[in-house]
1. Within the range 81-106, take every residue that is buried (at least 18 other Cβ atoms within 10 Å of the Cβ) and among the acidic types (Asp, Glu) and give me the one that is farthest from ALA64 (Cα to Cα).
2. All but one of (1) touching a residue at least 12 places away in the same chain (Cβ under 8 Å); (2) farther than 22 Å from LEU92 by Cα; (3) small (Gly, Ala, Ser) hold for ALA35, so report the exception by its number.
3. Condition first: of a type in the set (Val, Ile, Thr) and buried (at least 17 other Cβ atoms within 10 Å of the Cβ). Now tell me which residues in the range 20-35 satisfy that.
4. Evaluate the following for ARG49: is it within 12 Å of the chain's Cα centre (by Cα) and on the phi > 0 side of the Ramachandran plot?
5. Can you name the residue in the range 107-122 that is touching a strand residue (DSSP E or B) at 6+ places or on another chain (Cβ under 7 Å) and without any contact (Cβ under 8 Å) to a residue 24 or more places away in the chain and is also surrounded by the most Cβ atoms within 10 Å (Cβ to Cβ) among such residues?
6. Could you pull out the residue among ARG112, ARG100 that is of a type outside the set (Val, Ile, Thr) and touching a Ser or Thr at 6+ places or on another chain (Cβ under 7 Å)?
7. Within the range 36-43, is even one residue under 15 Å from VAL104 (Cβ atoms), of a type outside the set (A, V, I, L, M, F, W, C) and buried (at least 17 other Cβ atoms within 10 Å of the Cβ)?
8. Among the residues of the range 57-69, is any more than 19 Å from ALA4 (Cβ to Cβ), in contact with a strand residue (DSSP E or B) (Cβ under 9 Å, 6 or more places away or on another chain) and among the β-branched types (Val, Ile, Thr)?
Amino acid sequence: MEFAKHLLVDGYNIAHTWPDLRRVLAKEGREVVRARLVERIRILHDFERLRVSVVFDGRGGDIAIERPTRHLTFSVLYTPSGMTADDLIEQLTVQAAQPREVCVATADAAERDTIEAAGAQAISPEQLAAWIERAEQAQRAAVAAQQSRTDSRWRAGGRR
């Protein structure tokens, strides 16, 4: 996914596909599952420095946008009542200045066909989970390396 600059996530589609989130959805509801999904995906924004938009179905009369962080490059979008997340994802992909730099995470075959026809890449929920895991491992390694450098400097009396 190295070419991707904008990751679009079909929120409820992913939540219904990942077993742990499906259990959360059944026990704790949509609000909790949305928060957990957004938090899990956040590493792709923060560490991989991607623009990330997580899209959920229907909420009110207009598109609603929330920012889970202070960054404009990480958004949670809610479609208007008469529009599906698939519709909005397809519109955002087709209207992108560079569709080949868009990556859409979904299990929906029809949506995948549409966005791939527009020139974007589709990834499965399993591929998204693996990408997140790789990013988490890379982040842990980067933190450990920084800690090692800091420890070495400290042991050397603060000299560089």
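1. GLU90
2. Condition not satisfied by ALA35: (1).
3. Selection gives VAL24, VAL33.
4. yes
5. The residue in question is ALA122.
6. ARG112
7. The answer is no, given that none of the residues of the range 36-43 is under 15 Å from VAL104 (Cβ atoms), of a type outside the set (A, V, I, L, M, F, W, C) and buried (at least 17 other Cβ atoms within 10 Å of the Cβ).
8. Yes, that holds for at least one residue.
The values are calculated or read from the model by the stated rules, or taken from the named source; none is laboratory data. Values in this document were obtained by computation on a predicted structure and should not be read as measured data. Neighbour counts run over all protein chains shown; Cβ positions are idealised from the backbone, glycine included.
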